[in-house]
Amino acid sequence: MRKHIVAGNWKMNKTLAEGKALASEVVNMVHAEVPGDVVVILGAPFIHLPAVVQLTASASKVLVAAQNCSEHAAGAYTGEVSVAMLKSAGVQYVIIGHSERRQYFYENSEQLAKKVDLALAEGLTPIFCCGEPLEVREEKAHFDYVCRQLTESLFHLTREQITRLVIAYEPIWAIGTGKTASAAQAQEMHAKIRGHLASQYGAEAANNISLLYGGSCKPDNAKELFANPDVDGGLIGGASLKARDFIDIVNSF
Ligand code: 13P
């Protein structure tokens, strides 16, 4: 059965000292306050990763994600970070295809497919992001848009490979805007995504893939979002920067 997951995406926030303090606080709160069977993931900046891996080692529920990886395995790509490097630092997850990477760094479906392949080959779990901009939703083309993102970057995978992924639906109009998708909008899209995965890989595989919602998910709306049958957790930006808020979201199942 699929897992409940709450993943924080710190984005480009926190100095190393601040990131270490946040990771420690989260670990302490998880030990003290999180009884349930939930996977907690901290998506930290690259240079924080070894320290965050070390600080979370005592908490088996808390795992670590990078926010990106190179589409190349190794070599002369100045400034890039490979999946093998992430693996060697003890990182277990990698966020791939976040809308900010697509929008500001022009990452396309083909590059994202390569990143997914490399991550899977190294045994890392991709958290693959999809989601539509506002104008696409207004044109009522959002289901096709998101399904196309999945088809283009993921549908070359085998059934065994696809079930090793986590998928995050993050409508761009809800990211950092305080304007969250309603529980009904999230459920509707998640059901569509699961149906699309089932059409290619069968219902059993689709039912084993955790689908996270992201976009202004906060302590006061997480319960309603997570109560949906196809919402298996969240990818949290702003609210993951405060341990209290993040843990309240973790405890919203
Ligand atoms: P916010 O929670 O700040 O809207 O960000 C969501 C997000 O982009 C997580 O990856």
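The values are calculated or read from the model by the stated rules, or taken from the named source; none is laboratory data. For clarity, every value in this text was computed on a predicted model and none was experimentally measured. Glycine also receives a Cβ, built like all others from the backbone with ideal geometry; neighbour counts cover every protein chain displayed. Note: accessible area is taken over every heavy atom of the protein model, side chains too, but ligands, DNA and RNA are not part of it. Shrake-Rupley method; radii C 1.70, N 1.55, O 1.52, S 1.80 Å.
Using C-alpha pairs below 8 Å separated by at least 6 residues, the relative contact order for region 149-252 is 29 percent. Phi-derived couplings, Karplus 6.51 cos²θ - 1.76 cosθ + 1.60 at θ = phi - 60°, listed residue by residue for region 34-39: 10, x, x, 8, 10, 8 Hz, with x used for Gly and Pro. Its Cα gyration tensor gives region 139-227 an equivalent ellipsoid. The semi-axes, each the square root of 5 times an eigenvalue, are 24, 14, 11 Å from largest down. Bridging of LYS140 to lysines at a Cα separation below 23 Å is possible for LYS179, LYS192, once same-chain residues fewer than 8 apart are set aside. Only Cα pairs under 8 Å and 6+ residues apart enter the sum, and on that basis the relative contact order of region 35-160 stands at 21 percent. Per residue, the solvent-accessible area of the chain (1.4 Å probe, heavy atoms of protein chains only, all protein chains present) comes to 44 Å².
Length gained on full extension, ALA141 to GLU160, computed as 0.36 nm times the residue gap minus the Cα-Cα distance: 3.8 nm.
A simple spin-label model places the labels of ASP220 and GLU25 2.0 nm from each other, with each point 7 Å out along Cα-to-Cβ.
The stretch between GLU80 and ALA227, if pulled fully straight at 0.36 nm per residue, gains 49.1 nm over its current Cα-Cα span. Spin-label pair ARG148-ARG2: with each label point 7 Å from Cα along the Cα-Cβ axis, the two points sit 2.4 nm from one another. The spread of Cα positions in region 13-171, taken along each principal axis and listed from longest to shortest, comes to 45, 39, 33 Å. The length gained on full extension between ALA73 and THR177, counted as 0.36 nm times the residue separation minus their Cα-Cα distance, comes to 33.9 nm.
Round to a whole number: what % of the accessible area of the chain belongs to carbon and sulfur, probe 1.4 Å? Roughly 53 percent, rounded to a whole number.
For the chain, the relative contact order comes to 21 percent (Cα pairs under 8 Å, sequence separation of at least 6). Taking amide hydrogens as placed 1.01 Å from N in the peptide plane, the amide H of SER210 sits under 5 Å from those of LYS3, ILE167, each at least 5 positions away in sequence or on another chain. If the cut-off is a Cα-Cα distance under 12 Å, which aspartates and glutamates reach LYS87, setting aside same-chain residues fewer than 8 apart in sequence? Reachable aspartates and glutamates: GLU122.
Between GLN54 and SER199, the FRET efficiency estimated from the beta carbon spacing at R0 = 30 angstrom works out to 0.10.
If R0 equals 41 Å, the separation of the Cβ atoms of ALA191 and ALA121 corresponds to a calculated FRET efficiency of about 0.85. For region 121-175, the equivalent ellipsoid built from the Cα gyration tensor has semi-axes of 25, 12, 6 Å, listed from largest to smallest. Peptide packing: for 210-217, 103-110, 121-128, 86-93, the average count of neighbouring Cβ atoms within 10 Å per residue gives the ranking 210-217, 121-128, 86-93, 103-110, highest mean first.
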